[in-house]
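Inspection log for the structure reproduced underneath, given as structure tokens.
Please treat every number below as a calculation from the coordinates, not as lab data. Predicted model, so just to flag it, every value in this text is computed and none were measured. Glycine also receives a Cβ, built like all others from the backbone with ideal geometry; neighbour counts cover every protein chain displayed.
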Amino acid sequence: MLEKVLFLLCLTPALAQEPCFPGSSHAYKVRISIKTALGNQAYVWNDNEMYLFRAAMAFALRSYHNGQEFNVSNIMVCNETPRVSFWFVVSSPENSSVLLKKGDVENAIRKSRNRINGAFLLTDQTLEFIDIPPTLAAPVMPVTPPWLIVFGVVMGAVGAGIIFLLVSSLVQSKRKKNKKTLDEDREDMRGIENGLGCDNLGGVYNTTFSDGDKFTPM
Amino acid sequence: MKLKIRLPNPGLDDRIPSHKDLEDMEKQEAADRPQWDNKAQYLLTCVGFCVGLGNVWRFPYLCQSHGGGAFMIPFLFLLIFEGIPLLYLEFAIGQRLRKGSVAVWTAINPYLAGVGIASMCVSFLVGMYYNTIIAWVMWYFFHSFQSPLPWSQCPLNDNRTGLVSECKRSSSIDYFWYRETLNTSETIDVSGGLQWWMVLCLFCAWAVLYICCIRGIETTGKAVYITSTLPYVVLTIFLIRGLTLKGSVDGIKFLFTPRVKELMNPSVWLDAGAQVFYSFSLAFGGLISFSSYNPVHNNCEQDAVIIGIINGCTSVFAATVVYSIIGFRATEQFNTCLNENILMLLNAFDLAEGTITETNYDEMLRMLNSTTSGFDTIQGLDLSTCNLETFLSDGVEGTGLAFIVFTEAITKMPVSPLWSVLFFIMLFCLGLSTMFGAIEGVVVPLQDLKIFPKKCPKEALSGIVCLLSFMIALIFCLRSGNYWLVLFDSYAGSVPLLIIAFCEMTAVAYIYGIDRFNKDIEFMIGHKPNIFWQAMWRLVSPLIVFVIFVFYFITKVNAELTYISWNPNSANFPILEILTYPKWVYIVIFILAGVPSLLIPGVALFQLFQRCCCKRNMYK
């Protein structure tokens, strides 16, 4: 903090000559993190890349201000650090001593942010314009939330299963009931004497030769 | 010195089938009592009942916080001296008397019917809140079929200028759990309304449970082939995946590094005992019921030992998997923390990228600190201290582990939806197979108590139980539902179970008679239980359960009744706020813990009263 203030004080005499200085009301700070974004495939930041940056800025301003022909010479860069951070100011194409207001520059950058990022294979987080927050992408909301679809599938399967099981047990119990009444009818028809039921072979069951029965043997 | 205490128990022989009756029943293959299709079904059902969510989210936390690898010593000790004997006892008594829990205790002595009824009540209460956890698991499962996972990003606020404030201040994982899933209120007093999405998930959970339990073990026996085996498959997959992730071995090392000094602390032994006890799902009545469907000469001693060992091994296996994932997560958090610091330093000093890396961070920091201007800059930066140990010991248990820690770790893995689906299917199966035992512990006693007419089909009875539980469990779908669930978990499933288990052991050892029990086991499996089992049943296991009960009771009674709440308006947000319960919670606690426990003496007194009245009426 102290550093920056000292730096500014030293630069004040130079203000008259240089329009681009850190902390200027017309300047933006840019911070680039190539290694973070690209890892092994990181390219080296050199003057050519800086030229591309200035060209991209000019493009952004041209797209925003339809008609005004910005050139690379209108973008002035200063204070480059090994971090790869620097400050830049934009001058008007008609009058090179007039600097563009921050608001105009910001809107231009915002409009073409994706294109600028694409030129450097970077993202909003790795190509930072300090004080310009990245625009947030609107989340894609499907018409039916996907969880309801899965829920519907599961409930449908479970419901079908429950109905199937209930119906099958109803059918089974009805069959058992029918079989029972059928057997009872058959026994009735064979005739019951002495209160004894007959077996399926027909005839009267002779209790004399039965064993383990509950009735008094004859 | 043998303890030959045996309390008088007239009429026991009339109430229970004799050995000859059992042989006849075996030959006849009585059709009115359900049977297992094969031994595998029985073992899988018991393993499924015992192995539950606690093995995944309680044991790893206990293991790590109570001495790491050294925790195995008390755990194994209590497994052998408390868990397996109790398991053997429940299996043997169920197989011998061939009835559900209420009928078994009534047959031993009519005054003991309260033990069975208390088991039924506890099974009912625990079943209600346990299935709600399954409903939460299903909610996360339904949301796992999208990429990116919904809990990996914060939603935007209304005017699309930034993220929702609550989410930004905490994290997307916390926000999804506390706001979008639970929509939790600030205190338990503010009940809020029913959350329709939770009601749908709860209905789905009970419907799935109903379809699996609709005909008793006829249907659960088929379901367990999947619900009991799938968790092991998924755990193995996660272990292999976890070991390939960076940092997982640190997690496993952290878990198992023994700290033998911790064993001096008695609470380690008590927690181990409690964990073994609850992990085996004893005293719910479900195990007695499941064993009663076995053939008479089934080797229940072997079963008890096998299931005990499987349960113990599953706990250790699950702990390994969980901590490999926690190790990965902690390493990721550590790296993120470190990289943030590095970025701040690079930006502040305008150094080129790559000058400060993870390896030379410390020495670079020292070098930058050595100049006065550097020191001042660094002070102004507010760097956070990054310590891997801190991230690893961010020990979470319970729902926090599953829905916050693990879900966060999953978002960092490639192909997250797949891991999420697998993880929640595993939790679902673990919970569902435990619910089978709980439902069995409610439905069969209801049949024994003859509350419903005998002609009532099993489908209708299960349906009534599921519907009733669903309607009462709607309380957990309120905005304050999570606080109610924690209340149920702390009181319904803790103290009453210990009392019931203690009563079970004393009943079998001293009222049924250990001699008779030994002869029964000799009849069933061919040899008498040896001196080890005798000592356990008569003395050691009841003593251990008694000690744990006293400890638990004293802790609960002395503890300040507080709970933690999620309050976005609190000063320390996102740290959870500690609040005290309101006064009416005492009534709820009494209903949850007091009523089942008091049923045991209550029903005994009621029976006594009935007999006295009857006798008086007879003599009038």
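Using R0 = 51 Å, the C-beta based FRET efficiency linking residue A:176 and residue B:163 works out to 0.20. Is segment B:433-565 best put as rounded, prolate or oblate by its Cα gyration tensor, with a ≥ b ≥ c the root eigenvalues, rounded for a/c under 1.5, and otherwise prolate when a/b is larger than b/c, oblate when not? Oblate shape, in that a/c is at least 1.5 and b/c is the bigger or equal ratio. Candidates B:192, B:229, B:291 compared by Cα position along the dipole of chain B: farthest toward the positive end lies B:291, with charges placed on Cβ.
When the charge dipole of chain B is built from unit charges on Cβ atoms (+1 for Lys and Arg, -1 for Asp and Glu) and taken about the Cα centre, the candidate among B:79, B:314, B:153 whose Cα reaches farthest toward its positive end is B:79. When both segment B:338-415 and segment A:48-104 are represented by their alpha-carbon centers, they are found 35 Å apart.
Which one of B:496, B:517, B:421 is farthest out on the positive end of the charge dipole of the protein assembly as shown, using unit charges on Cβ (Lys, Arg +1; Asp, Glu -1) and the Cα centre as origin? Among B:496, B:517, B:421, the one farthest towards the positive end of the dipole of the protein assembly as shown is B:517. Taken about its Cα centre, segment B:15-149 carries a charge dipole of about 180 debye when Lys and Arg each add +1 at the Cβ and Asp and Glu each add -1 at the Cβ. The distance between label points at residue A:148 and residue B:605 comes to 5.4 nm (points 7 Å beyond Cα on the Cα→Cβ vector). Magnitude of the charge dipole for the protein assembly as shown, about its Cα centre and with charges confined to Cβ atoms of Lys, Arg (+1) and Asp, Glu (-1), is about 2000 debye. Panel order for B:471, A:50, B:138, by other beta carbons found within 10 Å of each beta carbon, from fewest to most: B:471, A:50, B:138. Put a plus charge on the Cβ of each Lys and Arg, a minus charge on the Cβ of each Asp and Glu, and nothing anywhere else: the dipole of segment B:378-485 about its Cα centre is then about 740 debye. With Cα atoms defining each centre, segment B:151-206 and segment B:51-128 are spaced 36 Å apart in the structure. So if we plug the beta-carbon distance of residue B:317 and residue B:510 into 1/(1 + (r/R0)^6) with R0 = 45 Å, what FRET efficiency do we get, rounded to 0.05? Between residue B:317 and residue B:510 the formula returns 0.75. For segment B:228-269 versus segment B:532-565, the spacing of their alpha-carbon centroids is 26 Å. Based on alpha-carbon atoms, the Kirkwood radius and the radius of gyration of segment A:17-129 give Rg/Rh equal to 0.95. Estimated from helices alone, the mean residue ellipticity of chain B at 222 nm is -20000 deg cm²/dmol (sum of -39500 (n - 2.57) over DSSP H runs with n ≥ 4, per residue). With the simple model of a label 7 Å out from the Cα in the direction of the Cβ, residue B:558 to residue A:107 spans 7.1 nm.
In terms of surrounding Cβ atoms within a 10 Å radius of their Cβ, B:128, B:435, B:413 rank from fewest to most as B:413, B:128, B:435. Fully extending the segment from residue B:13 to residue B:451, taken as 0.36 nm per residue of separation minus the present Cα-Cα distance, adds 155.1 nm.
Provide the FRET efficiency to the nearest 0.05 for the residue B:370-residue B:65 pair, computing r from the beta carbons and using R0 = 41 Å.
That gives a FRET efficiency of 0.55.
One chain, two ends: residue B:39 and residue B:260. Fully extended at 0.36 nm per residue, the span grows by 75.5 nm beyond their Cα-Cα distance. Backbone phi angles across segment B:411-419, fed through the Karplus curve with coefficients 6.51, -1.76 and 1.60 (θ = phi - 60°), yield HN-Hα couplings of 5, 8, 8, x, 6, 4, x, 4, 5 Hz in residue order; Gly and Pro are listed as x. In this simple spin-label approximation, residue A:25 and residue B:387 carry label points 7 Å from Cα along the Cα→Cβ vector, and these lie 4.9 nm apart. Placing a label point 7 Å from the Cα of residue A:114 along the Cα-to-Cβ direction, the residues of segment A:30-68 whose backbone N falls under 19 Å from that point are A:56-57, A:59-65.
Panel order for A:29, A:179, by other beta carbons found within 10 Å of each beta carbon, from fewest to most: A:179, A:29.
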